[in-house]
Every structure is written in C-alpha cells, then in structure tokens.
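Have a look at the structure below, then the notes.
The values are calculated or read from the model by the stated rules, or taken from the named source; none is laboratory data. Keep in mind that what you see is a predicted model, and the values were worked out from it rather than measured. Cβ sites come from the backbone with ideal geometry, for glycine too, and all protein chains shown count toward neighbours. Surface accessibility is based on the protein's heavy atoms, side chains included, excluding ligands, DNA and RNA. Shrake-Rupley method; radii C 1.70, N 1.55, O 1.52, S 1.80 Å.
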Amino acid sequence: MKPHHLYWIGFNLVKGVGPSRIRLLLGHFGSLDKAWAASRSELIDAGMSSKLAACIARLRIETDLDQVCRRLQEEGVCVVCWEDADYPRRLREIDQPPPVLYYRGKFSTEDMWAVAVVGTRRATSYGRQVAAELGAFLANNGVTVVSGLARGIDTIAHSAAMSAGGRTLGVLGCGVDYIYPPENRRLAIDMVESGRGMLISDYPVGTLPEGPNFPPRNRIISGLSLAVVVIEAGERSGALITANFALEQGREIFAVPGNITAPQSVGTNRLICNGAHPYIRPIDVLEILEWVRVVQYPERKRSVPDPGVEQSIYALLQTEAFHLDELSIKLALPVDKVSGSLTKMELKGLVRRTDGMKYISV
C-alpha cells in the first residue's frame, strides 16, 4: 500500500465525502494529506459544511489510520485511488468515478476489454441458459465478464466465465472482506485465488451488505465495462439501474428479448423498445464492440495471433481472402469455432471482413 493511500482511506471513511468534495479538498489543499491535517475552519474554507467539517475532525481523532491499513493488509485487501496510474482507465472516464477502490485479486490490462452481464436474482431456466452461454463465450474470446456477485444471473455469468478459463470481476455492495450472498463464498475465493478474478468495492472494509448500498455500486459495474447485457429484469430490477448508468456513461446496452407475459422479461423488453440492442447471439456483442474498438480504442490492436486456431487462420489469410465456410472446410473445424476465432481476431485488429462474408488479414 502506498503512503498517500492512508489519507484517501481516511476521507473515504467519512460519510458524505464523495467525488465532488474530494475534488474540492484537492483543489484547495493540493493533496489529501494536507486536507487531513487541516483545522475545522480550514475545511469549511475549502467548501465543507460546518457539520461535515466537524465529522471529519471527530473521525480524525477517533480513527487510527495505520491500524486501518494494517487490517487491510491482513485481509489481503489492496487500494487504488485517483492518483494512481493503475486506477481502472475505463472507470476513470465516467462522471464522478469513485475516489477509492478496495479490491482483492489483481488488475489486468485485459480488463480494459470487459462486458457486464446482469439480471434478475430469480432467473428462469431460459435466463440461466443465456447467462451461461454468454459468460463462457465472452471468456473464450478474451473478454472479461463483470457482474455483481448476486444470486441468479450474476452468479451464473461469473461461474461460466471461470469454468471457461476466463477473467471475471465481482463488484460488491459491501466491503470486500464480506461475501454476500454467503453461498457465493466459494466462488468469490476461487475468483481471487485463481488469479483470474477480482472482488471490487468502493465501500470501506467492514461495510455490511445493506440495501441502499447496491444501486450506487451498479455505476461501477457499468463503468468498468464497454457494454452491459441485461439478460432478465423485472419492472423494478436492479439490472435496470445498471442499464441507466450505462446509458449515462455512453456504454452499449444489450437486452435479451423475452416472453411478453413473463415478469422477468418486462424490463428487458422495455429496454429494447427504448433503443437497446436486441441480444440474439453472443457474437452480436462482439460485433458491436468491434465498432467501439475501431472508433475509440485503436490501441487494442495486436500483431500476433494466439497459438492454435488463430495462427492457422492467419496463415491462410496471408495469401488470399476466404469465406467462413471455406475456412471451416480447410481447417476441418466446426463453423462456430472458426467464427468465434475470427471475431476475436477482428477485435485484435488482425483480420477484417470484406464483401461477401470473406475475411482477409490486416
């Protein structure tokens, strides 16, 4: 943990000090260590209310920040804040990103390419099937799966990504030292210990999973992602809150069409009516994200295909363009496997699709 984290953690413990007030403090004092040492009157001069200045002064007396940091280290909890270069770039782009994130696990550059998969806790067999297929597909194509570790769709998406050997991030509505729901404890531990997942929260360690915590955390789920896929959502589902945050953040939104008489499909069908992309096949997500990559994130381009199928495809496309079906025949592989590899290669900037559904190397 870096020395300056001490004061970011300190202010994060003060209820009512969020992104806007952190900016005021930084603008006035230049750093949070100076703000932490400021008198009550100086805090008021910086833009804090008298009540909030009193809260900061009281917490400063009552809290041993060194002890708080020792607890974090004992719990295996890391911290990242706005001042750190490794603060998630995608999240930094949103309006009012959380000043401090607590996490267990490790960030990866691959997390720049992430998709949120969310939905109801009361998933139907249809929703469960879609979540499992999408989670595995994204993982197999090098896309990090982000969700909220809740029951239902979230759990299935995380589990499918892990089973497929991919990465997945769980954003919690409590401290990262508290796993909720408790039946997901094993899944959460596997995510961290495997090195293929993370638990993330902007709530301090020790924060319990109380109802009001969950809607705000959804802005982090969408903020970490390029797109949000809502699989099933009732009329007042928390997944719709995530979709609203995604809309504000300029993220792509997908919704799975459902039975018009099913309560779990009311929210998703309405999202489609309001302009969300209808999710029909997993590849739909990657096709839309290819456009996002080209327009906004060209640095995603890579020059080397992965060993195996990608290398075989790339070698064939060096000389001439081939149709998907032709590649399938030449490689003696199923069309869906070749198609998935081609999509991943498009995302990497290795190949492009020409007229007539033919592909050529870039």
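Straight-line reach from K34: taking Cα to Cα under 27 Å and skipping same-chain neighbours fewer than 8 places apart, the lysines in range are K2, K15, K51.
For segment 125-220, the set of GluC sites (Glu not before Pro) satisfying both a DSSP loop assignment and a count of at most 11 other C-beta atoms within 10 Å is given as E210. Neighbours of S361, meaning other residues whose beta-carbon lies under 10 angstrom from its beta-carbon, give a summed charge of 0 when Lys and Arg score +1 and Asp and Glu score -1.
Relative contact order for the chain: what percent, with Cα pairs under 8 Å and sequence separation of 6 or more? In percent, rounded to a whole number, it is 12.
The order of I283, I44, I153 by accessible area, most exposed first and with a 1.4 Å probe, is I44, I283, I153. Within the assembled protein chains, the solvent-accessible surface assigned to R270 is about 110 Å², based on a 1.4 Å probe.
Remark: the chain carries 45 Å² of accessible area per residue (probe radius 1.4 Å; ligands, DNA and RNA excluded). I need the Debye-formula profile for the chain: one equal scatterer per C-alpha, no solvent, reported as log10 I(q)/I(0) at q = 0.06, 0.08, 0.12, 0.13 1/Å, two decimals. Those come out to -0.26, -0.45, -0.91, -1.02, one per q. Residue by residue, segment 318-325 carries 3J(HN,Hα) couplings of 5, 9, 7, 7, 10, 6, 3, 5 Hz when phi is fed to the Karplus relation 6.51 cos²θ - 1.76 cosθ + 1.60 (θ = phi - 60°); x denotes Gly or Pro. Between L52, A85, V338, the Cα set farthest toward the positive side of the dipole of the chain (charges on each charged residue's Cβ, about the Cα centre) is that of L52.
A simple charge model with +1 on the Cβ of Lys and Arg, -1 on the Cβ of Asp and Glu and nothing else charged puts the dipole of segment 132-244 at about 120 debye relative to its Cα centre. Taking 0.36 nm per residue of separation and subtracting the Cα-Cα distance, full extension of the segment from E83 to D336 would add 86.7 nm.
If R0 equals 45 Å, the separation of the Cβ atoms of E287 and S41 corresponds to a calculated FRET efficiency of about 0.20. What you get for the chain, charging only the Cβ of Lys and Arg (+1) and of Asp and Glu (-1), is a dipole of about 420 debye around the Cα centre.
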